[in-house]
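**Q** One structure, pasted below without further comment.
The values are calculated or read from the model by the stated rules, or taken from the named source; none is laboratory data. Just so it is clear, the model here is predicted, and its values are computed rather than measured. So basically every Cβ, Gly included, is an ideal-geometry build from the backbone, and we count neighbours across all protein chains shown. SASA here: full protein model, heavy atoms, side chains in, ligands and nucleic acids out. Shrake-Rupley method; radii C 1.70, N 1.55, O 1.52, S 1.80 Å.
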Amino acid sequence: FSGFVVESFVDELAAAAGADPLAFRLKLLEGKPRHQAVLKAAAEQGRWGEPAPKGFARGIALHESFGSIAAMVVTAGVVAGQVRLLEVVSAIDCGRAIAPDSVRAQLEGAAIMGLSAAMGEEISFADGEAEQRNFHSYPVLKLADSPIRLATVIVTGGGPLGGIGEPGLPPAAPALANALAAATGKRARNLPLAKLYSV
């Protein structure tokens, strides 16, 4: 849960400093080569230095959990009043990827789960009970709304073995929020993001 707060705020600090969000993070992470390598891998595969299509922008985030370091670059924008995802690139250093296909599957699943939660999943309560009873009133990310491109990069950092199930999820919300802030000029500080960006 802290990934959204910390990595969104880091982007705000970068903006206040007039710095590129990636370069700002790399400077903060001097002396942490594994973290820097994961960020660089996500940025390279996520085409960080290239301009995004009109109306879209790229957002980046990094988070360490369960002994692994994960980063994500999300390319997103708002089209016809709806949040749209173009690309999601995840990178992870989990020490050593014993089963690379499993690592990729876990990271891609975590990305979709994290983006779904960030965009629109919410439980509200009335008269002491949840108002959402099933998926007709609890929106999850549909295939049609999923990213067009979904990729994973495995970085071998030589550290001890880390997890691969949970670490891919925390960067999703801040990477998406950072992309949408760059694309629209409006910064969301609450989840779900669709409340601010959808009409």
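**Q** Quick check on segment 67-199: of the DSSP beta bridges with both residues there, what percent are antiparallel, nearest 5%?
**A** 70 percent
**Q** Would you work out the relative contact order for the chain, in percent, from Cα pairs under 8 angstrom that are 6 or more residues apart?
**A** 31 percent
**Q** Bin by bin, in steps of 5 Å, what percent of the Cα pairs in segment 58-108 do you find, going until the bin that has the longest distance?
**A** Values per bin, smallest distances first: 5, 18, 23, 20, 14, 10, 6, 3, 1.
**Q** Name the shape class, rounded, prolate or oblate, that the alpha-carbon gyration tensor gives for segment 119-165, where a ≥ b ≥ c are the square roots of its eigenvalues, rounded holds for a/c under 1.5, and otherwise prolate holds if a/b is larger than b/c and oblate otherwise.
**A** Oblate.
**Q** Can you work out ³J(HN,Hα) from phi for every residue in segment 156-162, in order, using Karplus 6.51 cos²θ - 1.76 cosθ + 1.60 and θ = phi - 60°, giving whole Hz and x for Gly and Pro?
**A** In residue order, the calculated couplings are 9, x, x, x, x, 4, x Hz.
**Q** Can you quote the Å³ per residue value for the convex hull of the Cα atoms in segment 157-199, rounded to an integer? It would help to have the intermediate numbers written out before the result.
**A** On the way: hull volume 4.1 nm³, N = 43.
Spread over its residues, the Cα hull of segment 157-199 gives 96 Å³ apiece.
**Q** Out of the DSSP beta bridges found with both residues in segment 1-154, what percent are antiparallel (nearest 5)?
**A** Counting DSSP beta bridges with both partners in segment 1-154, the antiparallel share is about 80 percent.
**Q** Sticking with this one: For a quick protection proxy, order the peptides 151-162, 75-86, 172-183 by their average other-Cβ count within 10 Å, most packed first.
**A** Packing order, densest peptide first, comes out as 172-183, 75-86, 151-162.
**Q** Using amide H atoms built 1.01 Å from N in the peptide plane, name the residues 5+ places from Gly162, or on other chains, whose amide H lies under 5 Å from its own.
**A** HN-HN under 5 Å from Gly162: Gly95, Arg96.
**Q** How large is ³J(HN,Hα), in whole Hz, for each residue of segment 77-83 in order, when computed from phi with the Karplus curve 6.51 cos²θ - 1.76 cosθ + 1.60 and θ = phi - 60°, using x for Gly and Pro?
**A** 3J(HN,Hα) across segment 77-83, in whole Hz: x, 10, 10, 6, x, 10, 5.
**Q** Still on this structure, I have one more. Amide H neighbours of Ser65 under 5 Å, at least 5 residues apart or on other chains, H built in the peptide plane: list them.
**A** Ala70
**Q** Dividing the convex hull volume of the alpha carbon atoms of the chain by its residue count, what do you get in Å³ per residue?
**A** Per-residue hull volume (Cα only) is 127 Å³.
**Q** To test your reading of the geometry: what angle, between 0 and 90 degrees and rounded to tens, separates the Cα axis of helix 2-17 from the longest principal axis of the chain?
**A** Once rounded, one gets 80 degrees.
**Q** Taking θ as phi - 60°, what are the ³J(HN,Hα) couplings along segment 98-104 by the Karplus curve (6.51, -1.76, 1.60), each to the nearest whole Hz, with x for Gly and Pro?
**A** My calculation for segment 98-104 gives 5, 10, x, 5, 5, 4, 4 Hz in order.
**Q** Next question. Can you give the helix-only mean residue ellipticity at 222 nm for the chain, where every DSSP H stretch with n ≥ 4 adds -39500 (n - 2.57) and the sum goes over all residues, rounded to the nearest 500 deg cm²/dmol?
**A** -11500 deg cm²/dmol, from helical runs alone.
**Q** Not counting ligands, DNA or RNA, and with a 1.4 Å probe, what is Asp101's accessible surface area in Å² rounded to the nearest 10?
**A** So the heavy atoms of Asp101 present about 120 Å² to solvent.
**Q** Need the C-alpha centroid separation for segment 83-154 versus segment 156-179, integer Å.
**A** If you average the Cα positions of each part, the centres end up 12 Å apart.
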